[in-house]
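S.K.: Quick one: structure below, then a few questions.
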Amino acid sequence: MKILKTAFLLTALTLLLLFVGETFGGRNGLELGLVIAVVMNGVAYFFSDKIALMSSGARPISREQSPRLYAVMERLAAKANLPVPKLYMIPQPAPNAFATGRNPSHASVAVTEGLMQLMNDDELEGVIAHELSHVRNYDILTSSIAATIAGAVTFISRMGFWFGGGDRDREGGGGIIGLLMLILAPIGAMLLQLGISRQREYQADASGATMVGHPYGLISALQKLGAYNKQIPMDVPQTTASLFIVAPLTGREIFSSMFSTHPPLADRIARLQSMTITR
């Protein structure tokens, strides 16, 4: 199923680029769109994790810099029979975290400075177990590619309007098409992420709680994360926000709340509270 989702996303990106190329450049544009699609598919598959880490400002962190984080990660990775992901720190005060990568052997987990300062040991364990569940469930590839595609869609729609649609307005509607793409393409990209992200968060919550042996640390962590991320903004692109364990507060919070890629925190906490875990 994960392979099918990845194939679907890469096919969607190819079709989008072909459509944009043909709309604004005819046959030559179609051929250019195909070339760009091949390049973008390779970038999305092999470099989506690096794009996500770079866009969030994440920096590699050593064991000496954060022995507490390494201790929790190594203990849970061993328990889940997973390779230890590469660890990154995001220099932002809002508590949050995300996982990314192609597969468990090429996985990375990034946490913010605010998360490390705010969470006690049980809460940190719950957050890390949630992120490792994304790694084990292969959510990281699908979600990272979706974030890359969302960014590409937004960029392409803007370029198509400013460099293609605007000049063709007098020739028969090219400008109208460009304007519609400028408005609708980012919404479509957000809906794509919404369809992928919501269910995977419920699954990662449940499997993370099972990995630890109880849901209480993650419940407490989610309560803190929800409260602080309503008050402290994060400087991350909207297209990358879907990767985080809770939706960060960004400059487009009003709009993003209408199309949130995360399920309501109250629902996530209620599901965890209803869990019965047999050790």
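S.K.: Under a crude label model (7 Å from the Cα following the beta-carbon direction), how far is residue 266 from residue 50 in nanometres?
M.R.: That separation, rounded to one decimal, is 4.4 nm.
S.K.: Can you give me the long-range amide H partners of residue 249? Hydrogens built in the peptide plane at 1.01 Å from N, cutoff under 5 Å, separation of 5 or more residues or another chain.
M.R.: 234
S.K.: Let me ask something additional. Please list 3J(HN,Hα) in residue order for region 235-244, calculated via the Karplus relation 6.51 cos²θ - 1.76 cosθ + 1.60 where θ = phi - 60°; whole Hz, with x for glycine and proline.
M.R.: Rounded to whole hertz, the list is 8, 9, x, 4, 5, 8, 4, 5, 6, 6.
S.K.: Sorted by average packing, counted as other Cβ atoms within 10 angstrom per residue and highest first, what order do 84-94, 125-135, 105-115 take?
M.R.: The most tightly packed comes first, giving 125-135, 105-115, 84-94.
S.K.: Can I ask one more? Taking other Cβ within 10 Å of each residue's Cβ, how do 47, 244, 98 sort, fewest first?
M.R.: Ordered by Cβ neighbours within 10 Å, fewest first: 47, 244, 98.
No lab work stands behind these numbers, since they all come straight from the coordinates. Worth saying up front: this structure is predicted, and the values here are computed from it rather than measured. Using ideal geometry, Cβ is built from the backbone for each residue, glycine included, and neighbour counts are taken over all protein chains shown.
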